[in-house]
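The values are calculated or read from the model by the stated rules, or taken from the named source; none is laboratory data. None of these values were measured; they are calculated from a predicted model. When we count neighbours, we look across all protein chains shown, and the Cβ atoms used for this are built from the backbone with ideal geometry, even at glycine. Note: accessible area is taken over every heavy atom of the protein model, side chains too, but ligands, DNA and RNA are not part of it. Shrake-Rupley method; radii C 1.70, N 1.55, O 1.52, S 1.80 Å.
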Amino acid sequence: GGAVSGGKRRRSAAEEIEEVRVNRAAASARMRDLEVSAVRAAGGSMALACCPLSIHIQARLAHVCGEAAADLVVKVVAERASSAGGYAHRARAIMLFDTSEEAGDVAVLAVYANEYGPEAEPPNARRVYVECIDGLPLRADESGRERDSVIRGVVCGYLEHLRERGFVFVHFRAPSPNDQECQIFSRCPKHLRVSHSIKTCQWISRLLEEALREAVVDSFHAGAHGGILNFPPTLLTPAHLTTECLFSSSEAILAQRLPAASARLLRERLFVARLQSPSACSHARAANGLQNSGGSSARPMMAPSMSSSGAFASGAGGAAPGGPGGAFAASRKELCTFLVSQRLSFC
């Protein structure tokens, strides 16, 4: 037992640590309750209208995951025209929500992309730069295979829709270890960033290999910044260009401490995928049982999530960053800041 001082028993260090742990757990539970309540008060699952892109991805997700996708809802939560970097494009934020009773409309996956249409100046025209893909586990007991199938359903559905809209190339980038803001939901600890960069390269490669087998993309290749073919540096955001240039000065030293295969992955972190032409994949789509999302018969498979006039449009504290009407996110960083401020990033 602990010593007695002034008639009171002095608690041991273990008891104090346990009390802190219990208090933190209780605080986390209260925060989760507040988050779910705030999301539901903002409009919940019935507030945001569907769009052709979200309908198509939802159908793809249902085809890939079956009943496992019953409580998952895809929504385009932000879209904005921009000329950042000197090239006209549209920035889109696509999110996957877990609407199960246990979760209560919580964002679990986000894809942030910059779409350069035919009106953009060369060399960016008809290209898409997927700036970030980030997510959270759906369940504590979720397997890697289950998680990959969900992400593959969302990303491949997005790539299919891009192909049907006339885009030709899609570009991915695994973050360099010095990229401190490479994720949407949480920041990667500094001591894990090298591992995160390498594993992200492996994951993007597996994703594109699956898209190749499913005839979503025609081909893809990886390479290093400054040396990869058909990856215009004008696609990269100024922040990404800066981190790539800064990392190039320390890459050689870091590579000496890594196995050859890991060093190569760390160097070749940029990916270029050529989308399969719509005519070449029409038979594959029919064989896979996927319907054209642009037809009048397309219907949302599930109720939409998040209010366009509530949480994502104006937030809890007034006008959203970027202006009224829900089109607020001028950049991924701005989107991250808003999500964190609204406590939508907690799992």
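Kindly provide the set of residues from the range 183-202 that are touching an Asp or Glu at 6+ places or on another chain (Cβ under 9 Å) and either part of a loop (DSSP other than H, G, I, E, B) or under 27 Å from Pro278 (Cβ atoms) (or both), ordered by number. Please lay out each step first, then the result.
So the first thing to find is which residues in the range 183-202 are touching an Asp or Glu at 6+ places or on another chain (Cβ under 9 Å), and the list is 183-188, 193, 197, 201.
Selection gives Gln183, Ile184, Phe185, Ser186, Arg187, Cys188.
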Pair list, Cβ under 7 Å, 6 or more apart: the range 101-130 residue without any contact (Cβ under 8 Å) to a residue 60 or more places away in the chain, other residue among the acidic types (Asp, Glu) and in a loop (DSSP other than H, G, I, E, B) = none
Assuming His196 fulfils every condition listed in (1) touching a Ser or Thr at 6+ places or on another chain (Cβ under 9 Å); (2) over 19 Å from Ala84 (Cβ atoms); (3) not charged (D, E, K, R) apart from one, which condition is it?
-> (1)
Does Glu214 qualify as being exposed (fewer than 15 other Cβ atoms within 10 Å of the Cβ), at pLDDT 90 or above and of a type in the set (Asp, Glu)?
-> no
Looking at the range 52-77, which of its residues are open to solvent by 10 Å² or more (accessible area, probe 1.4 Å), in a helix (DSSP H, G or I) and over 11 Å from Gly153 (Cα atoms)?
-> Pro52, Ile55, Glu67, Ala68
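Of the residues that make up the range 131-147, is at least one modelled with pLDDT of 95 or more, more than 20 Å from Ile57 (Cβ to Cβ) and not in a strand (DSSP E or B)?
Looking only at the range 131-147, we keep the residues that are modelled with pLDDT of 95 or more, and these are none.
Scanning the range 131-147 turns up no residue that is modelled with pLDDT of 95 or more, more than 20 Å from Ile57 (Cβ to Cβ) and not in a strand (DSSP E or B).
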Exactly one of (1) at pLDDT below 90; (2) under 25 Å from Pro122 (Cβ atoms); (3) assigned to a loop (DSSP other than H, G, I, E, B) is unmet by Leu229. Its number?
-> (1)
Checking Cys188 against (1) open to solvent by 30 Å² or more (accessible area, probe 1.4 Å); (2) without any contact (Cβ under 8 Å) to a residue 60 or more places away in the chain; (3) more than 30 Å from Ser83 (Cβ to Cβ), which test does it fail?
-> (1)
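If the requirement is being surrounded by 13 or more Cβ atoms within 10 Å (Cβ to Cβ), in a helix (DSSP H, G or I) and modelled with pLDDT of 90 or more, which of these qualifies: Leu241, Leu258?
On the way: Leu258 fails: in a helix (DSSP H, G or I).
The conditions single out Leu241.
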Among Asp134, Asp98, which is the only one that is more than 30 Å from Leu270 (Cβ to Cβ) and open to solvent by less than 30 Å² (accessible area, probe 1.4 Å)?
-> Asp98
Pairs where the first residue, in the range 197-208, is surrounded by fewer than 22 Cβ atoms within 10 Å (Cβ to Cβ) and the second is of a type in the set (S, T, N, Q), C-beta under 9 Å, 6+ apart = Ile198/Ser262
When only residues in the range 166-202 that are touching a helix residue (DSSP H, G or I) at 6+ places or on another chain (Cβ under 8 Å) and among the small types (Gly, Ala, Ser) count, which is farthest from Pro118 (Cα to Cα)?
-> Ser197
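Residues to consider are Ala120, Ala91, Ala107; find the one that is assigned to a strand (DSSP E or B), out of contact with any helix residue (DSSP H, G or I) (no Cβ under 6 Å at 6 or more places or on another chain) and modelled with pLDDT of 90 or more. It would help to see each step written out before you state the result.
Working: Ala120 fails: assigned to a strand (DSSP E or B); Ala107 fails: modelled with pLDDT of 90 or more.
Only one candidate qualifies: Ala91.
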Filter the range 246-255 for residues that are without any contact (Cβ under 8 Å) to a residue 40 or more places away in the chain and among the aliphatic types (A, V, I, L, M); the one that is least open to solvent (accessible area, probe 1.4 Å) is Ala255
Report yes if some residue within the range 78-85 is modelled with pLDDT under 85, farther than 17 Å from Leu159 by Cβ and open to solvent by less than 30 Å² (accessible area, probe 1.4 Å); otherwise report no.
-> yes
If the Cβ limit is 6 Å and pairs must be 6+ apart or interchain, which residue in the range 216-239 that is over 19 Å from Leu159 (Cβ atoms) pairs with which residue that is part of a loop (DSSP other than H, G, I, E, B) and among the acidic types (Asp, Glu)?
-> Gly223/Glu268; Ala224/Glu268
